[in-house]
Number of protein chains: 2
Amino acid sequence: MAGTDRRFDVPAGPMPVVVLVRPQMGENVGTAARAMLNFGLTELRLVDPLCGWPNAKAVNAASGASVVLNQLEIFETTAAAVADLHRVYATTARPRDMTIEVLTAEAAACDMRRQLGAGQRVGVLFGPERTGLENDDIALADAVLTVPLNPGFSSLNLAQAVVLVAYEWFKGGDGTPPRIEPGADALAPATKGEVEALLNHVVTELEGTAFFRSEDRRAKRIEELRLLLERRQLRSVEVQTLRGMVKGLTQERRPPRSRG
Amino acid sequence: MAGTDRRFDVPAGPMPVVVLVRPQMGENVGTAARAMLNFGLTELRLVDPLCGWPNAKAVNAASGASVVLNQLEIFETTAAAVADLHRVYATTARPRDMTIEVLTAEAAACDMRRQLGAGQRVGVLFGPERTGLENDDIALADAVLTVPLNPGFSSLNLAQAVVLVAYEWFKGGDGTPPRIEPGADALAPATKGEVEALLNHVVTELEGTAFFRSEDRRAKRIEELRLLLERRQLRSVEVQTLRGMVKGLTQERRPPRSRG
């Protein structure tokens, strides 16, 4: 999905820091930067990047998200990268020990917003692409963050993992309502009276036709038609459309006027 | 995040169909297939693929997710691709008209599960990578599905968009609790009695030291220590660790035993 949509506000204020631990490929650092910026995240730290830094592939892959790369910080160790943070979440698919709390990305995002709101600094660790975080990295974290995935096939790449974590964080600060009904005036619902008038119009035109085969059949069919029209949540313009349709259909059935 | 985690169940039963409309690059069809399979989605349809089909780049990019490509279906038009579906969601960043309902991915996922549970067939349309869905495609949809993004930078690629939609759907059928406390017996919380015993141990060792400078200072410091220990949610093993620490510290302070 690309483009600019003014309905969403980038949450103002503090944000979680993304920490890529020993990233292996420059391109992935670039795509991670893009992933971050989609959700308003701009604070990136690299720990002992195996891909080296600066890295031209990262810059290429980041393209429009270079602002993130331009201000990133490099650290030699994970401990150094998190030294100034109050809360650290470690992303991993398979928590390797049972001595740390495991949160879903959604629950972690909720905690992060609370912690950031309280003035704490928060970071999220992502491990090397092929091997993931080491136990020594996870030991620095307060909790493990994980995402529900298909147990038979769990293969998100680094940028996708960043997307999901950033999305959950952004979603919590975003004010978009779950559902937006179409709102233009032209789409106003029809009133019950408008629908009843349509029904009467239809019934009038159907009098004497095979549709109303007998008296009790007639009553039943009118009821069927009424329910059909009433519960359709028809718009006012749709009622007009249907009335026009009925008119057109019935005009076809009238004998043509004598042509002079 | 990669690997296998037995804690999550792939939701059984019907699933939404992913429809890629006029995909431009084979590689993106492959990465979309991988994205799908991470969340247990296996039903893929292509509409008039601009990249052609079969496509070797797609097969390469799909790698472990070839099961999805092997069973995909090709259609000439979007209308044909959705003809058997009851409900269709169109993904787009910027709804171009005001006559259709707009749902967040989360709200749409909720609707989808309800519809699938009622035996309806559901599909989600994703447009060509660079241009997105046309109005004619969106006209076939019941609702637009969108994701809260940074208005200043909205640049998810196709696979990332599929990841987010699939994630929201999968999340709703997944039973993972938001938070899992570390559960091993070794991590059982300490009882109040254990904490009090630790406190008493500490207080005893601090008697006569500068820490308890005066009588009212003593009462206040004991209270401080009690609150510190009581509200730490200490584990039983942690209390033992602290008692050992206190022992060690006090042994240092004792004169060494005479060595024989």
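Please identify, among A:Phe75, A:Phe212, A:Phe39, the residue showing maximal mean-square fluctuation in a Gaussian network model of chain A using a 10 angstrom Cα cutoff.
A:Phe212
So how strong a dipole does chain A carry about its Cα centre when Lys and Arg Cβ are +1 and Asp and Glu Cβ are -1, to the nearest 20 debye?
Details: 31 positive and 32 negative charges, 364 e Å.
Rounded to the nearest 20 debye, it is 1740 debye.
Taking H as built 1.01 Å from N, whose amide H comes closer than 5 Å to the amide H of B:Leu145, not counting residues under 5 places away?
Result for B:Leu145 returns B:Ala90, B:Thr91, B:Thr92, B:Leu103.
Over both sides of the B-A contact, add up the buried accessible area with a 1.4 Å probe and give it to the nearest 100 Å². Working shown, then result.
On the way: alone 16010 and 16020 Å², together 26200 Å².
Chain pair B/A: roughly 5800 Å² of buried accessible area.
Leaving out ligands, DNA and RNA, what percent of the accessible area of the protein assembly as shown is carbon and sulfur, probe 1.4 Å?
Numbers: 13470 of 26200 Å².
Heavy-atom surface of the protein assembly as shown belonging to carbon and sulfur, 1.4 Å probe: 51 percent.
Take the alpha carbon atoms of segment A:144-184, find their radius of gyration, then divide it by 2.2 N^0.38 Å using N residues; give the quotient.
Working: Rg = 14.8 Å, N = 41, 2.2 N^0.38 = 9.0 Å.
That ratio works out to 1.64.
State in Å² the accessible area per residue of chain A; use a 1.4 Å probe, count heavy atoms of protein chains only, and round to the nearest integer.
On the way: 13100 Å² over 260 residues.
Result: 50 Å² of accessible area for each residue.
Would you compute, for the Cα atoms of chain B, the largest minus smallest coordinate along each principal axis and list the three values in descending order, in whole Å?
Projected onto the principal axes, the Cα atoms of chain B cover 93, 47, 38 Å.
Could you work out the mean count of beta carbons from other protein chains within 10 Å of each residue's beta carbon in A:142-148? Could you put the intermediate results ahead of the total?
Values: counts 0, 3, 2, 1, 6, 11, 17.
Counting other chains' Cβ atoms within 10 Å and averaging over A:142-148 gives 6.
Could you estimate the translational diffusion coefficient of segment A:36-124 from the Stokes-Einstein equation, with Rh from the Kirkwood formula over C-alpha pairs, at 4 °C and 1.567 mPa s, in whole µm²/s?
Working: Rh = 15.0 Å.
In µm²/s, the coefficient rounds to 86.
Rounding to the nearest 10 and keeping the result within 0 to 90°, find how far the Cα-based axis of helix A:158-173 lies from the longest principal axis of chain A.
Taking the Cα atoms of chain A, the angle to A:158-173 is about 60 degrees.
Which aspartates and glutamates, if any, have their Cα less than 15 Å from the Cα of B:Lys247, not counting same-chain residues under 8 positions apart?
B:Lys247 reaches B:Glu205, B:Glu207, B:Glu238.
Taking each residue of B:171-180 in turn, how many C-beta atoms of other protein chains fall within 10 Å of its C-beta, and what is the average?
6
Segment B:188-232 to segment B:102-146: how many Å between their Cα centroids?
Using only Cα atoms to place each centre, the spacing works out to 61 Å.
May I ask which residue of B:Gly152, B:Val202, B:Thr176 lies farthest towards the positive end of the charge dipole of segment B:147-222, with charges of +1 (Lys, Arg) and -1 (Asp, Glu) on Cβ and the Cα centre as origin?
The residue sitting most towards the positive pole is B:Gly152.
Helix B:26-37 sits at what angle to the longest principal axis of chain B, using alpha carbons and giving 0 to 90 degrees rounded to 10?
Once rounded, one gets 50 degrees.
Using a Gaussian network model of chain B with C-alpha springs under 10 Å, which one of B:Ser236, B:Ser66, B:Ser214 is most mobile by mean-square fluctuation?
The residue with the greatest mean-square fluctuation here is B:Ser214.
Considering only DSSP beta bridges where both residues belong to the protein assembly as shown, give the percentage that are antiparallel (nearest 5).
Details: 8 of 52 bridges.
Taking every DSSP beta bridge within the protein assembly as shown, about 15 percent pair in antiparallel fashion.
Which angle between 0 and 90 degrees, to the nearest 10, do you get for helix A:215-230 versus the longest principal axis of chain A when only C-alpha atoms count?
Rounded to the nearest ten degrees, it is 30.
Would you mind listing how long the protein assembly as shown runs along its three principal axes, going by Cα atoms, in whole Å with the largest first?
Principal-axis extents of the protein assembly as shown (Cα, largest first): 137, 55, 38 Å.
Over the whole of A:102-114, what's the average partner chain Cβ count within 10 Å per residue? Rounded to a whole number, please.
On the way: counts 9, 5, 7, 3, 4, 5, 2, 0, 2, 2, 0, 0, 0.
So the per-residue partner count for this stretch is 3.
Let a ≥ b ≥ c be the square roots of the eigenvalues of the Cα gyration tensor of segment B:17-172; is it rounded (a/c under 1.5), or, if not, prolate (a/b larger than b/c) or oblate? Before the final figure, lay out the partial values.
Numbers: a/c = 1.34, a/b = 1.27, b/c = 1.06.
It is rounded, given that a/c, with a ≥ b ≥ c, falls under 1.5.
So what are the three principal axis dimensions of segment B:184-250 from its Cα atoms, in whole Å, longest to shortest?
43, 23, 14
Given Cβ point charges of +1 (Lys, Arg) and -1 (Asp, Glu) and nothing else, what value in debye, to the nearest 20, does the dipole of the protein assembly as shown about its Cα centre take?
That gives a dipole near 480 debye.
So what are the ³J(HN,Hα) numbers for segment B:137-143, from phi and the Karplus equation (6.51, -1.76, 1.60; θ = phi - 60°), rounded to whole Hz, Gly and Pro as x?
Each residue of segment B:137-143 in turn: 6, 5, 4, 7, 9, 7, 7 Hz.
For B:Glu73, what residues show an amide H to amide H distance below 5 Å, using hydrogens built from the backbone and excluding near sequence neighbours?
Amide H neighbours of B:Glu73: B:Leu44, B:Arg45, B:Leu46.
When chain B is modelled as a GNM with alpha-carbon springs shorter than 10 Å, which of B:Arg114, B:Arg226, B:Arg22 fluctuates the most?
B:Arg226
Excluding same-chain residues fewer than 8 positions from A:Lys171, which lysines have a Cα within less than 29 Å of its Cα?
Once the sequence-local lysines are set aside, what remains near A:Lys171 is B:Lys171.
The values are calculated or read from the model by the stated rules, or taken from the named source; none is laboratory data. Just so it is clear, the model here is predicted, and its values are computed rather than measured. Reconstructed Cβ throughout: ideal geometry from the backbone, glycine too, with neighbour counts over all protein chains shown. Only protein heavy atoms, including side chains, enter the accessible area calculation; ligands, DNA and RNA are left aside. Shrake-Rupley method; radii C 1.70, N 1.55, O 1.52, S 1.80 Å.
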